[in-house]
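Only one structure is covered here, and it is reproduced in the block below.
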């Protein structure tokens with residue numbers, strides 16, 4: 001399915017976690033902001049850009065199995081800001097075409113990836 005260009009599409013990338021408090025603190029440090037909203041006592045939603053969100057949700061049986069990639073126009077700036085907040089990437093690789101992929105792992109092992117062009 002292809003959505004019409006005039007249609008607004010909100011995107012939500014989810015990360016199942018075991019410990020809400022620990023995950024909330026880690027994702028606040030990763031994204032550099034508090035949650036945009038807390039729909040209930042087991043979820044937190046972060047607004048990364050207009051119509052683009054990441055959320056954590058307590059789902060112990062699924063924790064650690066998520067992998068999402070956010071492609072950025074200024075990857076190095078974001079990675080430097082994340083490093084300033086004390087989080088280091090688990091992996092960094094250069095792919096074909098000058099694309100860099102950097103993966104962070106949350107306390108449960110979920111992969112939060114950021115990509116961009118050199």
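Quick notes on this one:
- Inter-residue pairs, beta-carbon under 8 Å, first at negative phi and touching a residue at least 60 places away in the same chain (Cβ under 8 Å) and in region 1-21, second surrounded by 11 or more Cβ atoms within 10 Å (Cβ to Cβ) and in a helix (DSSP H, G or I), 6+ apart: 15/23; 15/27; 17/23
- Of all residues making up region 33-46, the number that are touching a strand residue (DSSP E or B) at 6+ places or on another chain (Cβ under 8 Å), in contact (Cβ under 8 Å) with a residue 12 or more places away in the chain and loosely packed, with under 15 Cβ neighbours inside 10 Å: 3
- Residue 82 vs. criteria under 13 Å from residue 105 (Cβ atoms) and more than 10 Å from the chain's Cα centre (by Cα): yes
- Flag not set for residue 42, criterion: modelled with pLDDT of 95 or more, at negative phi and under 14 Å from the mean Cα position of the chain (by Cα).
- Scan of region 1-32 for residues that are exposed (fewer than 15 other Cβ atoms within 10 Å of the Cβ), out of contact with any strand residue (DSSP E or B) (no Cβ under 8 Å at 6 or more places or on another chain) and within 20 Å of residue 114 (Cβ to Cβ), ordered by number: 25, 29, 32
- Strands (runs of 3 or more DSSP E) enclosed by region 72-118 - at least 3 residues per element that are touching a helix residue (DSSP H, G or I) at 6+ places or on another chain (Cβ under 8 Å) and either touching a residue at least 40 places away in the same chain (Cβ under 8 Å) or surrounded by fewer than 17 Cβ atoms within 10 Å (Cβ to Cβ) (or both): 111-117
- The set of residues in region 47-71 being more than 26 Å from residue 21 (Cβ to Cβ), touching a residue at least 24 places away in the same chain (Cβ under 8 Å) and in a loop (DSSP other than H, G, I, E, B) consists of 51 alone.
The values are calculated or read from the model by the stated rules, or taken from the named source; none is laboratory data. This one's a predicted model, so the numbers in the text were calculated from it and none came from an experiment. Counting neighbours? That spans all protein chains shown, and the Cβs are built from the backbone with ideal geometry, glycine included.
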